[in-house]
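Notes to accompany the following structure.
The values are calculated or read from the model by the stated rules, or taken from the named source; none is laboratory data. Owing to the predicted nature of the structure, the values given are computational and were not obtained by experimental measurement. Note that each Cβ is placed from the backbone with ideal geometry, even for glycine, and that neighbours are counted across all protein chains shown. Keep in mind that these areas ignore ligands, DNA and RNA; they rest on the heavy atoms of the full protein, side chains included. Shrake-Rupley method; radii C 1.70, N 1.55, O 1.52, S 1.80 Å.
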Amino acid sequence: MITFYHAPWSRASSVHWLLEELDVPFEFSPVDIRASEGVPEAYRSIQPNKKVPAIDHDGTVVTERAAITLYLADTFAEAGLAPAQGDRVRARYLTWLVYCDSVLDPVVAAKAHGVEFMGPRYSYGSFSEMVANLEKALSSQPYIVGDRFTAADTQIGSGIHYATNVLRVLPENPVFAAYLDRLAARPAFQRYSHREYEMAQAAGMVGSH
């Protein structure tokens, strides 16, 4: 069984989508990251910075989205969401998974908070470089690593969706819009997004974004 440490409409949402794509049993362990008193200190034994997501798979704890995605997609390889070792596509797959956490996420967060910076001085580069990189990749192929949907799309796609529709920091772009339309047509995407909305509604978050 997978215990999934989760908060709705958060960085955990992309892992929620991945779990729906894998179609494996899991149970939610809610973490109220928005509580006025903060996340309970006991949770630090699971996630050292008291962030989500995290998973516990039969006693094996994994944190950080890229690591969780790699672990789950390889563990449940029968779902076909991870290029196998020896597949030449796997290098692009690994690259995009790490890019999501090490470039896309911090650059979008900086932009959303009005932080101006010069790309060469920061390990994750500039916002414009990130946008150009994503546009170049998705202009030549339907999914982030090529012609097939992979677990990397759950992470990159979630990042683009959040930056476009929630934070509204990504510029209107037909390439990104077409990509998001392809992802939104997937049944697992529809299941996860509906469930996220229900949980956000129960938490009193609806209307705050």
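Some notes on this structure:
- Some residue of segment 61-77 being in a loop (DSSP other than H, G, I, E, B), basic (K, R) and open to solvent by less than 70 Å² (accessible area, probe 1.4 Å): no
- When R182 is tested against (1) among the basic types (K, R); (2) under 30 Å from P30 (Cβ atoms); (3) touching a residue at least 40 places away in the same chain (Cβ under 8 Å), only condition (2) is not met.
- Filtered residues of segment 155-209 (kept if open to solvent by 50 Å² or more (accessible area, probe 1.4 Å) and of a type in the set (S, T, Y)): Y162, Y197, S208
- Failed criterion for S29 (all others in (1) open to solvent by 40 Å² or more (accessible area, probe 1.4 Å); (2) touching an Asp or Glu at 6+ places or on another chain (Cβ under 9 Å); (3) not aliphatic (A, V, I, L, M) hold): (1)
- Members of segment 97-131 found to be closer than 16 Å to R11 by Cα, in contact with a Gly (Cβ under 9 Å, 6 or more places away or on another chain) and polar (S, T, N, Q), listed by number: none
- Residue list for segment 1-23, restricted to those being open to solvent by less than 20 Å² (accessible area, probe 1.4 Å) and within 14 Å of A73 (Cβ to Cβ): I2, S14, V15, W17, L18, L19, L22
- Residue check, Q155 closer than 21 Å to W9 by Cβ, assigned to a helix (DSSP H, G or I), over 20 Å from the mean Cα position of the chain (by Cα) and not acidic (D, E): no
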